[in-house]
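S.K.: Provided herewith is a single structure, encoded as structure tokens, for subsequent inquiry.
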Amino acid sequence: MARVRTLRQAATWIERVGLALLLPKADVALPSLWEQINGSPARDWAVRDDDGTFVRWREEMGILWRTKDELPAQRLACVGRHAARAVACVAPTLLPALVAAVGEAELDEDEQRIVGALADGGPLPAARLRRALGLEKRAVERAVGALERKLVVTHAGLVEEGTGWDAVAYDLVSRIWPMSSAPSREEARRTLAATVLASAGELTAADLRGIFGWAARDAGAVLDGVAEGRDAGGFRIWTGS
């Protein structure tokens, strides 16, 4: 396959598949940007000596790491922990469906405070959120992760932290990716299921549950609406056209 080497190539590929992980994850039926850059899903992102000691990151990992920050900074893809409890890349055209499928979620106190801080001063990295809100590191990490899964907060590129390293900044999905309209939740779920099926070739209800957290019965009903299923060894498989 032709490997992804540029930011534009990465954006084009994400737009084509709709939804992808940044790094491959076992038992998750999604393609990964790493595989497109590396040419295989092998987790060989570092050069090591004969003793296994780290020497340097491979060129492919450098491309991946730059790309995952530049994609949201340039509004070419939405990047964050938005699927399969992992960092995912979402095509702008698919994002309204993903937001609609998640729906309006309740936020706990820490999550509400982070949303307020970002609304007033965002985009902000985790360290500045901790200082602004007086929260511990673990509390901020937990709340930001939950907000990413709820499609309230997402990555906004890098900002300088004054420590010699840039840090990922977080911002509100609604500010970075304003949406004039959204599909119904049912339509959104069908769109997401069809998108994942198109890239995976075949799916089980458990596959969709692992990606989106849907109940197995609901995932099966959605798949029945977009593809033909067959029974195989005690479970059902849906196959794309």
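S.K.: Under 8 Å between Cβ atoms, which residue pairs at least 6 apart in sequence (or on different chains) link something in the stretch 26-41 that is closer than 15 Å to LYS68 by Cβ and in the same structural domain as THR67 (by TED's automatic domain parsing) with a partner that is buried (at least 18 other Cβ atoms within 10 Å of the Cβ) and hydroxyl-bearing (Ser, Thr, Tyr)?
M.R.: If the second residue must be buried (at least 18 other Cβ atoms within 10 Å of the Cβ) and hydroxyl-bearing (Ser, Thr, Tyr), the pairs left are LEU33/THR67; ILE37/THR67.
S.K.: Sticking with this structure for a sec: Which of the residues belonging to the stretch 177-228 are farther than 21 Å from CYS78 by Cβ and of a type in the set (A, V, I, L, M, F, W, C)?
M.R.: Those that are farther than 21 Å from CYS78 by Cβ and of a type in the set (A, V, I, L, M, F, W, C): LEU203, ALA205, ALA206, ALA215, ALA216, ALA219, ALA221, VAL222, LEU223, VAL226, ALA227.
S.K.: Filter the stretch 206-217 down to the residues that are farther than 18 Å from ALA20 by Cα and among the aliphatic types (A, V, I, L, M), then identify the one that is surrounded by the fewest Cβ atoms within 10 Å (Cβ to Cβ).
M.R.: ALA215
S.K.: Considering only the stretch 171-196, how many residues are among the charged types (D, E, K, R) and surrounded by 15 or more Cβ atoms within 10 Å (Cβ to Cβ)?
M.R.: 3
S.K.: Among the residues of the stretch 1-16, count how many are surrounded by fewer than 19 Cβ atoms within 10 Å (Cβ to Cβ), under 16 Å from VAL196 (Cβ atoms) and of a type in the set (A, V, I, L, M, F, W, C).
M.R.: 0
S.K.: As an exercise: evaluate LEU135 against (1) out of contact with any His (no Cβ under 9 Å at 6 or more places or on another chain); (2) part of a helix (DSSP H, G or I) and give the number of the one condition it does not meet.
M.R.: Of the numbered conditions (1) out of contact with any His (no Cβ under 9 Å at 6 or more places or on another chain); (2) part of a helix (DSSP H, G or I), the odd one out for LEU135 is (2).
The values are calculated or read from the model by the stated rules, or taken from the named source; none is laboratory data. Just so you know, these numbers come straight off a predicted model, no measurement behind them. Glycine also receives a Cβ, built like all others from the backbone with ideal geometry; neighbour counts cover every protein chain displayed.
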